[in-house]
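The values are calculated or read from the model by the stated rules, or taken from the named source; none is laboratory data. All values reported here derive from a predicted model rather than from experimental measurement. Note: ideal-geometry Cβ built from the backbone for every residue, glycine included; neighbour counts use all protein chains shown. Note: areas computed on protein heavy atoms with side chains; ligands, DNA, RNA excluded. Shrake-Rupley method; radii C 1.70, N 1.55, O 1.52, S 1.80 Å.
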Amino acid sequence: MKISFDVKMLTSGASLLEQEKDSALLKLSKDGAGIVLPWDVMKNERYFMFQIETLEEHCDAFNVYVYGKDDEPTMTIRFGILPQITTQICLDKEWFKAGVLFPEALPGELKIVCHGGRIVPEEITRIEMKTIPVFHDITVRISNMALTDTYPEDVKLSDVKLVDSLGQNKRKEWSGKTKDIESLKSILEKQVKDGEQGYPFENWSKWGGWKNKKLAKGTGFFTKYKADGKWWLADPDGYAFFSAGPDCVNVPVDCRVDGIEKWLDWLPDEKESAYAEMFSPDRVFKDRKRNAKMFSYAGANLYRVFGEDWYQIWKKMMAGQLMQMGINTLGNWSDQRLFDNTPIPYVTSLPEFPETKKKIFRDFPDVLSDEYKENAKNNAKALAARKDDPMMIGYFLRNEPSWAFVDNLVLADEVLYNPERTVCKEKLIAALKEKYQTVEALNTAWNTKFTDFDDLYQPIRDASAKSEAAKEDQKTFSKEMLRAYVEIPSKACRKVDPNHMILGMRWAWISDPDLATGWENFDVFSINCYAVDPTEAISHVVELGVDLPVMIGEFHFGALDTGLSATGLEGVLTQKDRGKAYSYYCERVAAHPNGVGCHYFQCYDQFVLGRFDGENYNIGLFDICSRPYQDMASYVKQCSEVMYEIADGTKVPTDEKAESIPMIAY
């Protein structure tokens, strides 16, 4: 069923420039503008389809706001599109159930994220699709709107080449763009010669600690230490240690190429032995509709320069360059082959966080079950292999649980809403029986009309909203579940590896104060914090009663002055501004009484057409040709040189701020 564009669809800040039969050219305000989707006719078919093109030179991100009865967006679905190319979009009403955080995109589309809680169709009052705020007004074309129950199996892409043979943006020129393999060869060979290993600062220990401050007698492993109200990490020799370095120090194999091969100047045959290891299937989307295929342009470039020994040469080159910048940590998701013979300490993650067959909500397991305890014990066994390695700083239990992306989520409400007879549900009902004794007493307290406690086995929505007593009961049980979620795997890991620090959960953000529950099981509390200044986020953790050092697991800054057309979660104008922003951020972590480290996301830029999930941000210390961004590298080194004095209070953090722009990210 086709949907005709009507000027009445325009939101505030949107204007119609021209209209043809099935398309409309719109000018959208930099503050965010778009169209109202025709929800009155969308109720029956599952998919809302349309094509969209931004006429700008950068990517654009759109939010689909799904409004409920209180006239506030209950759910927000964000998606990204490439510049100056027609993109097919398919919105699935199943996403409104909030069961999936990252739906799979169509070929040519960028990342999709579903934020917020579930909403049922009868509660939807309107749906708007608007750009996120950007740094100027933009022009977009929307065409071929339609409703259907058929998922698009064949997406027709424009006949154009977008990526050159090195994996770079073919349509754009910039300072530092690599012209060909021959010129890359001379550049990388020089980087190998220049990258003499060793830290450039005489007062650093071999671990990257600060020899000017001896905290204690070394334990032989990294540990935490509190002195005069300031939290520190200590290196194995007992010197003060501030952890700084990039995540994902590896040769990435995550350029998603399936379905978009026609846009590439060059892609080798998967069966060609030299490149076979540079291809990988998708391991992220469990219920994928596409036969996903990843490729490593970074690896292919290194092979074409150095030949069969490319990996060994890359390890030496990368370690030398990082150490010369004053990098003393290989961040999360780095290549584990580096851990054995690279002189840079590292952090890692528990390979698998315990799961259960039955879930409470998204990826939250049935944490009160014996299955969860047993899986925690089994997963912890993976730590045994490195339990005696002094180079390991510590390990994270997991990264950004998807259930915690819903602000103020009451987990016990999800227990009662979920029709599964989980162990958590059995124990919640048992706790309510013990407290209230009779269903009449429960009804009085909860303002409900249950005929029997067995009625609690039927799906009950938003139980905590029924009364203050219900809210208290549900929040109390939620905290019990959260404590089990944290404590059970922590104790299992500690038993296998008593030598290394548990670095926490890497929360995407503190979406509810109760996420601090169980912090006593950690050595370090970790959050990922995308901001200009992380001070408020670290202080918020402390205000929740957490008396631990705090580590930032992810942050970054991106610009639009090179080949990538999206900034990531914090935007600035230039590569020099990226360096300024890095210093401003890191020095404020060091200055905070609880700040002990921050890990930059990530070592390499993402692919111009999107990594495995569609992100395509200019966020690397290095580009896809393994060349460092020199302006940024200079600031990283300057920051490393002063970070210990800032942490010790003898120097103040820099006031030099980068010029920020609104993010282009999804």
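Counted over the chain, the DSSP beta bridges are approximately 75% antiparallel. Computed from the Cα positions only, the extents of region 144-231 along the three principal axes stand at 68, 46, 23 Å, in decreasing order.
Stokes-Einstein diffusion for region 545-626, with the hydrodynamic radius set to the Kirkwood value over Cα pairs and evaluated at 37 °C in a medium of 0.692 mPa s, equals 243 µm²/s.
A 1.4 Å probe over all protein chains sorts 157, 188 by accessible area into 157, 188, starting with the largest.
Highest mean packing first, where packing is the average number of other Cβ atoms within 10 Å per residue, the peptides 342-348, 452-458, 536-542 line up as 342-348, 536-542, 452-458. Each 10 Å bin, from zero up to the one with the longest distance, holds this percent of the alpha carbon pairs of region 298-370: 16, 32, 22, 15, 14, 1. Taking GluC sites (Glu not before Pro) across region 1-91, the ones in a DSSP loop with at most 10 further Cβ atoms lying within 10 angstrom of their Cβ are 20.
Provide the net charge surrounding residue 168, with neighbours chosen by a C-beta distance below 13 Å and charges set as Lys +1, Arg +1, Asp -1, Glu -1. Once all neighbours under 13 Å are counted, the net charge is +1. Projected label points at residue 408 and residue 433, each 7 Å from Cα along the beta carbon direction, are separated by 3.3 nanometres. Couplings for region 595-605, taken from phi via the Karplus curve 6.51 cos²θ - 1.76 cosθ + 1.60 with θ = phi - 60°, read x, 10, x, 8, 10, 7, 9, 7, 5, 9, 4 Hz in order; Gly and Pro are left as x.
Rolling a 1.4 angstrom probe over the protein heavy atoms, how many square angstrom per residue are accessible across region 1-125? Don't skip to the answer; put the middle values down first.
On the way: 5270 Å² over 125 residues.
Spelled out: the 1.4 Å probe surface of region 1-125, per residue, equals 42 Å².
Give the calculated FRET efficiency between residue 289 and residue 533 to the nearest 0.05, with a Förster radius of 51 Å applied to their Cβ-Cβ distance. Once the sixth-power term is evaluated, E becomes 0.80.
Dividing the Cα radius of gyration by the Kirkwood radius, what Rg/Rh value follows for the chain?
Details: Rg = 26.0 Å, Rh = 26.7 Å.
Answer for the chain: 0.97.
The order of the peptides 555-563, 436-444 by mean Cβ neighbours within 10 Å, most packed first, is 555-563, 436-444.
Place a +1 charge on the Cβ of each Lys and Arg in the chain and a -1 charge on the Cβ of each Asp and Glu, then give the dipole magnitude about the Cα centre in debye, rounded to the nearest 20.
Values: 82 positive and 103 negative charges, 201 e Å.
Computed charge dipole of the chain: roughly 960 debye.
Between residue 226 and residue 21, what's the calculated FRET efficiency when r is the beta-carbon distance and R0 is 56 Å? Round to 0.05. The partial results should precede the final answer.
Numbers: r = 70 Å, r/R0 = 1.24.
The value I calculate is 0.20.
Based on the reciprocal of the average 1/r between different C-alpha atoms, the Kirkwood radius for region 247-367 equals 17.1 Å. Straight-line reach from residue 161: taking Cα to Cα under 18 Å and skipping same-chain neighbours fewer than 8 places apart, the lysines in range are 170, 172, 177, 179, 262. Paramagnetic label reach from residue 69 (point 7 Å along Cα→Cβ; backbone nitrogen cut-off under 14 Å): within region 446-465, residues 461-462, 465. Between residue 544 and residue 192, the FRET efficiency from the beta-carbon distance, with R0 = 56 Å, is close to 0.75. One quarter of the surface of the convex hull around the alpha-carbon atoms of region 527-666 equals 8.5 nm², the direction-averaged projected area. Using a cutoff of 8 angstrom between alpha carbon atoms and counting only pairs six or more residues apart, the relative contact order for the chain works out to 14 percent.
Over region 476-535, with the other protein chains present, what is the accessible area per residue in square angstrom, probe 1.4 angstrom?
31
Accessible surface computed residue by residue for region 158-242, with neighbouring protein chains in place and a 1.4 Å probe, gives 52 Å² per residue.
Averaging the sequence gap over all C-alpha pairs within less than 8 Å and six or more residues apart, then dividing by the number of residues, gives region 543-593 a relative contact order of 26 percent. Estimated from helical segments only, the mean residue ellipticity of the chain at 222 nm is -7500 deg cm²/dmol, where each DSSP H run of four or more residues counts as -39500 (n - 2.57). In plain terms, the chain from residue 374 to residue 84 could stretch by 99.2 nm, reckoned as 0.36 nm per residue minus the Cα-Cα distance.
The gain in end-to-end length when the residue 202 to residue 630 segment is fully stretched comes to 151.8 nm, 0.36 nm per residue minus the alpha carbon separation.
How would you classify region 84-175 from its alpha-carbon gyration tensor, with a ≥ b ≥ c the square roots of the eigenvalues: rounded for a/c under 1.5, else prolate if a/b is greater than b/c, otherwise oblate? Cα axes put region 84-175 in the prolate bin.
Packing-wise, with mean Cβ within 10 Å as the measure, how do 585-592, 194-201 rank, highest first? Walk me through the numbers on the way to the answer.
Numbers: 585-592: 23.8, 194-201: 14.0.
Descending packing order for the listed peptides: 585-592, 194-201.
Leaving out ligands, DNA and RNA, what percent of the accessible area of the chain is carbon and sulfur, probe 1.4 Å? Walk me through the numbers on the way to the answer.
On the way: 12650 of 27020 Å².
Percent of accessible area from carbon and sulfur atoms in the chain: 47.
The residue list 379, 353, 367 was ranked by how far each Cα lies along the charge dipole of region 319-466 toward its positive end, using unit charges on Cβ atoms, and 379 comes out on top.
One chain, two ends: residue 355 and residue 316. Fully extended at 0.36 nm per residue, the span grows by 10.3 nm beyond their Cα-Cα distance.
Normalised by the number of residues in region 27-144, what is the relative contact order in percent for Cα pairs under 8 Å and 6+ residues apart? If you can, show how the numbers build up before the last one.
Details: 274 pairs, mean separation 49.5, N = 118.
It rounds to 42 percent for region 27-144.
Placing pseudo-labels 7 Å out from each Cα toward the beta carbon at residue 55 and residue 270 gives an inter-label distance of 4.0 nm.
Listed values for region 209-220 are Karplus-derived 3J(HN,Hα) couplings in whole Hz (6.51 cos²θ - 1.76 cosθ + 1.60, θ = phi - 60°), namely x, 10, 6, 6, 9, 8, 7, 6, 5, x, 9, x, and x replaces Gly and Pro.
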